[in-house]
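Step one of this worksheet: look at the structure below.
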Amino acid sequence: MQLIVNIIVLAAIYALIACGYVLIYRVSRVMNLAHGDLMLIGAYLLVATSSMFAGHPLLAIVAAVIMSFTVGILVYLFLMRKMTGEMVLAAVLSTIALGIFLRGMAVLIWTAQQQYPLAKLGFVNFPILLPGGARISVCAAILVLTTAVVYGALFGFLRYGRWGVRMRAAGQNPLLAAQRGINLHTIYALAWGLSTLTGSLAGMLIALDSGLDSTMIVIGLKAFPAALVGGMDSLIGALVGALIVAGSEVLAIHFIDPLLSDVVPFAVLIAMLVVRPWGLFGTREELDRV
Amino acid sequence: MVRHTLFAALAVSALALPASAQDAYVVGITGGLTGSSASTYAPTVEAVRLYIERVNAAGGINGKQVRLVIQDDSAEPSKAAANAKKLLSQDNVILLVSSSVSSTYAPIVNETKRASVPILFGGGVCPKEATPPADPNQFCSTSFASTIDSRAAMTYINEAGTKPIKVGFAAMAIPISRSEIEFAEQQAKTLGMNNVGKEVIPPATADYTPYANKIKDSGADWVFSWAPWVTQIRSFEALRRLGWQGSFVTWAHIEAENELVRVKDDKFFVFGGNALFSDNLPVQREIADAAKKANVQYPVNQLAEGWVTGMVVEAVLKAAGWPADAAKVRSAMETVKVDTKGLRGGPIEWTKDNHLRTKQSYRFYRWDSKKNSIAQVKDWMTFDVK
């Protein structure tokens, strides 16, 4: 039972991060390689707000969530907007530069010290006993719940929401969408905002569960195979990909060798690229364009 | 605070002291001020800077100021190599201090060897070349020393545990941590303990539970971890969240003291070569005063390692006399004996063949919930370094 819980928790982490990659790629065809860094910034924003609003944990969390959404929009307005119309490769390279910049800024502002936002918020991460003798920490349980809510909300938003439908339209055919009066810059900014928000939520919840340091960026990168395995333009794909990658990883740790945990996600990715390069639920045409 | 952080992180010729290069001892530092291990090395370098500032304010060494040139290597070998080249060829340092991860050692060792300038490892793990028979150019003052640390930990577990002892191990997937844990496994076996499990955990891990789960399932009643702090503490906390009730012994990195207070667990033991500030020694109060006056951004209890490095630099330059060059500094290092004023279990003493120290001591601590404070559980345990 504990094994299943471990897989679900890791899959939830990867899925929450991976949906950020998918949102931006689906709308603008850009692989955001700064996603891990934006996730880190989101987690640090929670550290900042937990100090700013000491004694008001909910206010601190809400403020951090709003700020992370704003950061995503600002990234689009001040950097990625300039990349509109340029080669996709230029945009991807810009995200690499952005990541390096954000990493440096995080150290300058928050130092390299380990941070524990949970303690600052005054919460305790106690374990919950599950049937079968398995245990899950409160923060991990909230993370799983958050992932479910985020995916549910995104599915609903993209299918039924006015802006969600516009977002899909912009992703499918930007020229036609623009001709129909959809403001592409607003759509792209919204995608960056939402992507940063979901990544930040993952960063915040990981930081609450086990602490925060700059190695979180690597966790962001480890979720990348999940997005690719599922298909870069599919939210369902991200969910399934996260489950496959996390399952392979946890099972390898448990039954083979813990050292394989770093290798397995990428081994799964390579296998998928050989068999079905566009991913389980991805669109073949989209990958060809990349 | 941001100004200070900028100062430390950019760290390009960090100190511009009122002394010209010709009229001062020039010492270079290459440190991991940014990057993945900055939480360990940035406070150490800051403490060295603080110590040398005080020395200069008090008139310097042999009547001369010390000019400290600090470079950030971001824990990257290529940057460390570039730093070493710059410090040796442009700044003409007579002593190079490294405070960074072990992967940066090879390039700077090569550079210092070529320039025939001694290198002092202060804050980063001591290289094997500092142990007898030592490389003539490499010296180490860092409190942790591979293999001896595990001997101390296993000795303590053997003394404190109820036999038969079932011990598990947690390492980070980096060579230095893995080899130390392998050595600890041998030690445990020699002492008659049952090695029931070992987990080697990647440096960046989203969830430590799967690894902790295996250690818990192995039935370990003691776990030993010797790795960067993040792996040690997160493995322990993951074990506790899984309901594991055993005892955990781990190396007291500079974060340890604050973490003992945060975790508040009576069975979480840390051991180290530096006395924790809960001991409230006069020298620790001195460090606290200096840090307060200089408005240092790091917690005071993280400054001991760098402070000791500063003490070593001062003692070496004093012994080298004036005018000093690299050869005189190296010669002085071979016989130096540094009084650490209680920060360590004894003086740091080097010989021609032993550039680690002749004796290595450890003190063990844990959180005492009855006293609601950190408690010493074992006073200095000393080993001869041969």
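The values are calculated or read from the model by the stated rules, or taken from the named source; none is laboratory data. What you are looking at is a predicted structure, and each value in this text was computed from that prediction instead of being measured. All Cβ positions, glycine included, derive from the backbone under ideal geometry; neighbour counts span all protein chains shown. Surface accessibility is based on the protein's heavy atoms, side chains included, excluding ligands, DNA and RNA. Shrake-Rupley method; radii C 1.70, N 1.55, O 1.52, S 1.80 Å.
Rounded to the nearest 0.05, the FRET efficiency derived from the C-beta distance between A:LEU74 and B:SER89 at R0 = 56 Å is 0.85.
Centroid-to-centroid, using Cα positions, the range A:74-130 and the range B:245-294 are 31 Å apart. A Gaussian network model of chain A, with springs between Cα atoms under 10 Å, assigns the largest mean-square fluctuation among A:ALA18, A:ALA267, A:ALA34 to A:ALA267. Per-residue 3J(HN,Hα) values for the range B:266-276, derived from phi via the Karplus relation 6.51 cos²θ - 1.76 cosθ + 1.60 with θ = phi - 60°, read 5, 10, 9, 9, 10, 9, x, x, 9, 5, 6 Hz in sequence order (x marks Gly and Pro). What's the FRET efficiency of A:THR84 with B:ASP23 using the Cβ-Cβ distance as r and R₀ = 56 Å, to the nearest 0.05? Approximately 0.45, to the nearest 0.05. Ranked from largest to smallest solvent-accessible area, with a 1.4 Å probe on the protein heavy atoms, B:ASP279, B:ASP23 come out as B:ASP23, B:ASP279. Relative to the Cα centre, the charge distribution of the protein assembly as shown, modelled as +1 at Lys and Arg Cβ and -1 at Asp and Glu Cβ, gives a dipole magnitude of about 840 debye.
Along the Cα-to-C-beta direction of B:SER103, a point sits 7 Å from the Cα; which residues of the range B:39-81 have their amide N less than 18 Å from that point? It comes to B:39-42, B:72-81, nothing else. Binning all Cα-Cα separations of chain B at 20 Å, short to long from zero, yields these whole-percent fractions: 30, 57, 13, 0. B:SER361 sits among other residues whose Cβ lies under 13 Å from its own Cβ, and their net charge, with Lys and Arg +1 and Asp and Glu -1, is +2. Most simply put, the protein assembly as shown has about 35% antiparallel DSSP beta bridges, counting only bridges with both residues inside it.
With a 10 Å cut-off around each Cβ of A:203-212, the average count of Cβ atoms from other chains is 3.
Available extension along the chain between B:LYS264 and B:LYS128 is 45.4 nm, counting 0.36 nm per residue and deducting the alpha carbon span.
Applying a threshold of 18 Å to the alpha-carbon distances of B:LYS64/B:LYS328; B:LYS352/B:LYS386; B:LYS128/B:LYS166; B:LYS292/B:LYS371; B:LYS166/B:LYS267; B:LYS293/B:LYS337 flags B:LYS128/B:LYS166; B:LYS292/B:LYS371; B:LYS293/B:LYS337 as lying beyond it.
Below 15 angstrom from the Cβ of B:ILE215, what's the summed charge of the other residues (Lys, Arg +1; Asp, Glu -1)? Once positives and negatives cancel, what remains is +2. For the residues A:PHE53, B:PHE169, a 1.4 Å probe over the protein chains yields an accessible-area ranking, largest first, of A:PHE53, B:PHE169.
Using the Cβ-Cβ distance between A:PHE157 and A:SER51 with R0 = 35 Å, the FRET efficiency computed as 1/(1 + (r/R0)^6) comes to roughly 0.65. Once all protein chains are placed together, B:LEU68 keeps about 0 Å² accessible to a 1.4 angstrom probe.
Note down the net charge around B:SER37, summing +1 for each Lys or Arg and -1 for each Asp or Glu among other residues with Cβ under 11 Å from its Cβ. Within the 11 Å Cβ shell, the charges total -3. Between A:ARG276 and B:ALA57, the distance separating the two model label sites (each 7 Å from Cα on the Cα→Cβ line) works out to 6.7 nm. Accessible surface comparison of B:HIS253, A:HIS254, A:HIS56, probe 1.4 Å, protein chains only, largest first: the order is A:HIS56, A:HIS254, B:HIS253.
A convex hull fitted around the alpha carbon atoms of the range B:68-192 yields 110 Å³ per residue.
Take every pair of alpha-carbon atoms less than 8 Å apart whose residues are at least six positions apart; their mean separation over the length of chain B yields a relative contact order of 17 percent.
Annotation: B:ILE174 carries an accessible surface of approximately 50 Å², with a 1.4 Å probe and no ligand, DNA or RNA atoms counted.
What does the C-alpha gyration tensor say about the overall shape of the range A:151-290? Classify as rounded when a/c is under 1.5, otherwise prolate if a/b is larger than b/c, or oblate. Judged from the Cα gyration tensor, the range A:151-290 comes out oblate (a/c at least 1.5, b/c at or above a/b).
Counting Cβ atoms of other protein chains within 10 Å of each residue's Cβ and taking the mean over peptide A:251-261 gives 4.
Structure remark: mean-square fluctuation, Gaussian network model of chain A, C-alpha springs under 10 Å; the largest value among A:ALA246, A:ALA11, A:ALA153 belongs to A:ALA153. Over chain A, the reciprocal of the mean inverse Cα-Cα separation, the Kirkwood hydrodynamic radius, stands at 19.3 Å.
Rounded to the nearest 10 square angstrom, A:ASP209 shows an accessible area of 30 square angstrom against a 1.4 Å probe. DSSP bridge analysis restricted to chain B gives an antiparallel fraction near 30%, rounded to the nearest 5. The mean number of Cβ atoms from other chains found within 10 Å of a Cβ in peptide A:95-106 is 1, as a whole number.
Across the range A:183-199, coupling constants 3J(HN,Hα) worked out from phi with the 6.51/-1.76/1.60 Karplus curve, θ = phi - 60°, read 7, 5, 4, 5, 5, 5, 4, 5, 4, 5, x, 5, 4, 5, 4, 5, x Hz, and Gly and Pro carry x. Highest GNM mean-square fluctuation among B:VAL230, B:VAL66, B:VAL45, for chain B modelled with Cα contacts below 10 Å: B:VAL230.
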